[in-house]
Amino acid sequence: MSELNPNKNDGEKTMKKNRRDFLKMTGIAGLSLAGGGVLKSCASESMNQNDTRLAQAINDYEKKHIQHFNMSGYAADKISTVRIGIIGLGQRGPSHIKTMSRIEGVEIKALCDLRPEKAIAAKKQLENTDHKAELYSGSEDEWKKLCQRNDIDLVIVTTPWYMHTEMAVYAMEQGKHVASEVPAAGTIEECWNLVETAERTRKHCMMLENYSYMPFQLLMLSLARQGFFGEIVHGDCAYNTSKMKNNFNKNLYWNMWWLRQYGSRKGNIYPTHGLGPIAQMMDINRGDKFEFLVSVESNDFMMAAKAKELAETDSFFEEFVGKDYRGNMSTTIIKTTQGRTIMLQHDATSPSPHNMIHGIYGTKGSALYDPQPPRISTGNHKWASAEEFEKIKEQYTPEIFHKMNELSKNSGHGGSDMKIDWHLIDCLHNGLPLDQDVYDAAAWSSILPLTDWSVRNNSNSIKVPDFTAGAWKTNKRNMDINLDRGGNTKVKCDF
Ligand SMILES: NC(=O)c1ccc[n+]([C@@H]2O[C@H](COP(=O)([O-])OP(=O)(O)OC[C@H]3O[C@@H](n4cnc5c(N)ncnc54)[C@H](O)[C@@H]3O)[C@@H](O)[C@H]2O)c1
């Protein structure tokens, strides 16, 4: 594979050295590997204490880290036909097949899932199309063969999130750009690993945070950039939606992986849908950055009880009884370096209606998405009338929405699934920077291990690493919502 990636051997050495450095930092090696036995054993010891090892390790690592190449604003060479491989074909993989297969200048070359039946079903989706995908299946490491192919430009990773970093790093080492489902990493070590690998290989590593492309979120980003809110002071955001049925469904997620995560971690384990769009409005990593956070969570009143109830009549659930489930409501406050605040929640259990909140509070205006209907205020202590709201929408809705609204309206998540995939491909076709870079992936994903630590340490505050190594002060905005450049990729057919 060396001809594909001349840096590979050096890369392996660097990776090994980095790994040794990390392992010396006992805080990160021990505390961030949440979900494993190590964390479980130190969890009860560190609960209600101020365990400073992680904070120390974050500081030490930041001091040692040198940014060799700034991936913010990075544009790779133009790719006229983007050849794709997808790893993980459960729920999310097929959704990307649906959108990607409709975009011109895309070839889906390879599909991989551990379970052969999922790979076969995914290939069926491509019947009657020009995509001739080869299948990889049947063993845990088959995905490596997909990454090693020399006819793939972009690897899309849609496995359970605790596998994302290993797969993304390996794909970049093999000379591929990567688009990873959310979140991109589950530990601080993994966040740094993504950053260092992307910088060294100069491969894109974009997290596919699709909620940024929802109609209201796009409008808010456009308003924020045009100064409608004045100085943004605070954002409220959440992913509050009951997943009780899904998480206890025996036939939905592979190997009950979500339930296992809720049964072994603390803190916000699904932060990016709420946080991503707010971070973009606040220019996080481009003029501001996350400084520190505190996280508090309720006890678990529902999941352990549900596991016990189900186990009474179904022995399948016995292994899920008695676990120390994550509390039902997770609430995190983040302070940014420029003095803004963000309140971020995650509740996957309560039977209340789906709620993203998405509240923006600025010196001149504010907005609130949930509870519906969405509202905007021009700073006069009142919500705008329906007519005023429509006028604001007309004036500020960005071009990406106009161009893609019709073509994406039948894709998932309010059309955002098509918009994100289309713009990713359009940027690769035109050699443009992507809408989210590896520093976004790392900063937004770092919320998982940091909130885990905070909850286990009496909700003490913890610094968020600066993955940009200071470049946040001068990095320029990305996510070209007005399609100033590119925007010429066609969609072959509607859904
Ligand atoms: N952006 C969104 O709106 C959105 C929505 C849902 C899920 N997600 C994210 O997408 C990811 C996948 O979620 P899902 O709901 O599709 O889960 P899933 O359990 O339905 O699918 C995961 C698939 O990965 C496969 N897999 C497991 N180990 C593998 C290995 N070693 N090699 C190859 N395949 C392997 C499984 O067989 C399974 O088919 C998660 O990270 C989740 O957070 C994002």
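The values are calculated or read from the model by the stated rules, or taken from the named source; none is laboratory data. Since the structure is predicted, the reported quantities are computational estimates derived from the model, not experimental observations. Heads up, the Cβs are rebuilt from the backbone with ideal geometry, glycines too, and the neighbour counts pull from every protein chain shown.
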Within the range 150-174, residues within 12 Å of the ligand (Cβ to nearest atom), of a type in the set (A, V, I, L, M) and outside any strand (DSSP E or B) come out as M163, M167, A168
Expected output for the range 111-138 (first residue more than 24 Å from D153 (Cβ to Cβ) and without any contact (Cβ under 8 Å) to a residue 24 or more places away in the chain, partner within 10 Å of the ligand (Cβ to nearest atom) and assigned to a loop (DSSP other than H, G, I, E, B), Cβ below 8 Å, 6+ apart or cross-chain) is P116/G138
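Tell me, please, whether a residue that is within 12 Å of the ligand (Cβ to nearest atom), of a type in the set (V, I, T), within 21 Å of V169 (Cβ to Cβ) and in contact with a His (Cβ under 8 Å, 6 or more places away or on another chain) can be found in the range 70-88.
Looking only at the range 70-88, we keep the residues that are within 12 Å of the ligand (Cβ to nearest atom), and these are 85-88.
Right, trim to of a type in the set (V, I, T) and you get 86-87.
From what's left, within 21 Å of V169 (Cβ to Cβ): 86-87.
With the extra rule that they be in contact with a His (Cβ under 8 Å, 6 or more places away or on another chain), the set shrinks to 86.
Yes, there is a match, as at least one residue in the range 70-88 is within 12 Å of the ligand (Cβ to nearest atom), of a type in the set (V, I, T), within 21 Å of V169 (Cβ to Cβ) and in contact with a His (Cβ under 8 Å, 6 or more places away or on another chain).
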Checked the range 95-119 for anything farther than 28 Å from G414 by Cα and of a type in the set (A, V, I, L, M, F, W, C); matches are L114
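Given the residues S454, S445, which is the only one that is surrounded by 23 or more Cβ atoms within 10 Å (Cβ to Cβ) and within 15 Å of the chain's Cα centre (by Cα)?
Working: S454 fails: within 15 Å of the chain's Cα centre (by Cα).
The unique qualifying residue is S445.
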| What about E142, is it surrounded by fewer than 20 Cβ atoms within 10 Å (Cβ to Cβ) and touching a Cys at 6+ places or on another chain (Cβ under 6 Å)? | yes
E388 meets each of (1) in contact (Cβ under 8 Å) with a residue 24 or more places away in the chain; (2) over 13 Å from M100 (Cα atoms) with one exception, condition (1)
Notebook entry, point to check: Is one or more of the residues making up the range 300-319 charged (D, E, K, R) and over 25 Å from S242 (Cβ atoms)?
Noted result: no
Checked the range 237-286 for anything within 13 Å of the ligand (Cβ to nearest atom), of a type in the set (D, E, K, R) and in a helix (DSSP H, G or I); matches are R260
Note: among M343, M356, just one is closer than 30 Å to V491 by Cβ and surrounded by 15 or more Cβ atoms within 10 Å (Cβ to Cβ), namely M356
Residues in the range 188-225 that are in contact with a helix residue (DSSP H, G or I) (Cβ under 8 Å, 6 or more places away or on another chain), in a helix (DSSP H, G or I) and within 16 Å of the ligand (Cβ to nearest atom) total 10
Note on S180: of the conditions (1) closer than 19 Å to D426 by Cα; (2) surrounded by fewer than 24 Cβ atoms within 10 Å (Cβ to Cβ), unmet is (2)
Residues of the range 124-149 being in contact with a Leu (Cβ under 6 Å, 6 or more places away or on another chain) and more than 14 Å from the ligand (Cβ to nearest atom), in sequence order, are A133
Output for Cβ contacts, cut-off 7 Å, separation at least six or different chains, first residue under 12 Å from D421 (Cα atoms) and part of a loop (DSSP other than H, G, I, E, B) in the range 175-187, second within 11 Å of the ligand (Cβ to nearest atom) and charged (D, E, K, R), reads E181/R92
Contact list, first residue from the range 460-476 and farther than 19 Å from I66 by Cβ, second anywhere and in a loop (DSSP other than H, G, I, E, B), beta-carbon distance below 7 Å, six or more apart or interchain, is N460/N50; V464/S446; K476/G73; K476/R286
### Query
For S295, are the conditions met, namely being assigned to a strand (DSSP E or B), small (G, A, S) and within 21 Å of the chain's Cα centre (by Cα)?
yes
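With the requirement that a residue be in contact with a His (Cβ under 6 Å, 6 or more places away or on another chain) and within 14 Å of the ligand (Cβ to nearest atom), what does the range 175-187 give you?
So in the range 175-187, the residues in contact with a His (Cβ under 6 Å, 6 or more places away or on another chain) come out as 177, 180, 184.
If the condition is that a residue be in contact with a His (Cβ under 6 Å, 6 or more places away or on another chain) and within 14 Å of the ligand (Cβ to nearest atom), then S180, A184 are the ones that fit.
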Any hit, the range 310-319, residues being under 18 Å from the mean Cα position of the chain (by Cα) and buried (at least 19 other Cβ atoms within 10 Å of the Cβ): no
Cβ pairs under 6 Å, 6+ apart or interchain, first in the range 321-346 and within 21 Å of H358 (Cβ to Cβ) and modelled with pLDDT of 95 or more, second surrounded by fewer than 17 Cβ atoms within 10 Å (Cβ to Cβ) and among the basic types (K, R), ordered by first then second residue, are T341/K335
Scanning the range 408-423 for residues that are buried (at least 21 other Cβ atoms within 10 Å of the Cβ) and more than 13 Å from the ligand (Cβ to nearest atom) gives S408, W422, H423
Per the list (1) modelled with pLDDT under 95; (2) assigned to a helix (DSSP H, G or I), residue check on A119 breaks on (1)
Picking from K382, K335, the residue that is of a type in the set (K, R) and assigned to a strand (DSSP E or B) would be K335
Over the range 458-467, the set of residues polar (S, T, N, Q) and either under 19 Å from the mean Cα position of the chain (by Cα) or more than 16 Å from N59 (Cβ to Cβ) (or both) is N458, S459
Result of the Cβ filter at 7 Å on the range 140-164, keeping first residues that are of a type in the set (K, R) and partners that are not in a strand (DSSP E or B), at least 6 apart or interchain, is K144/Y170
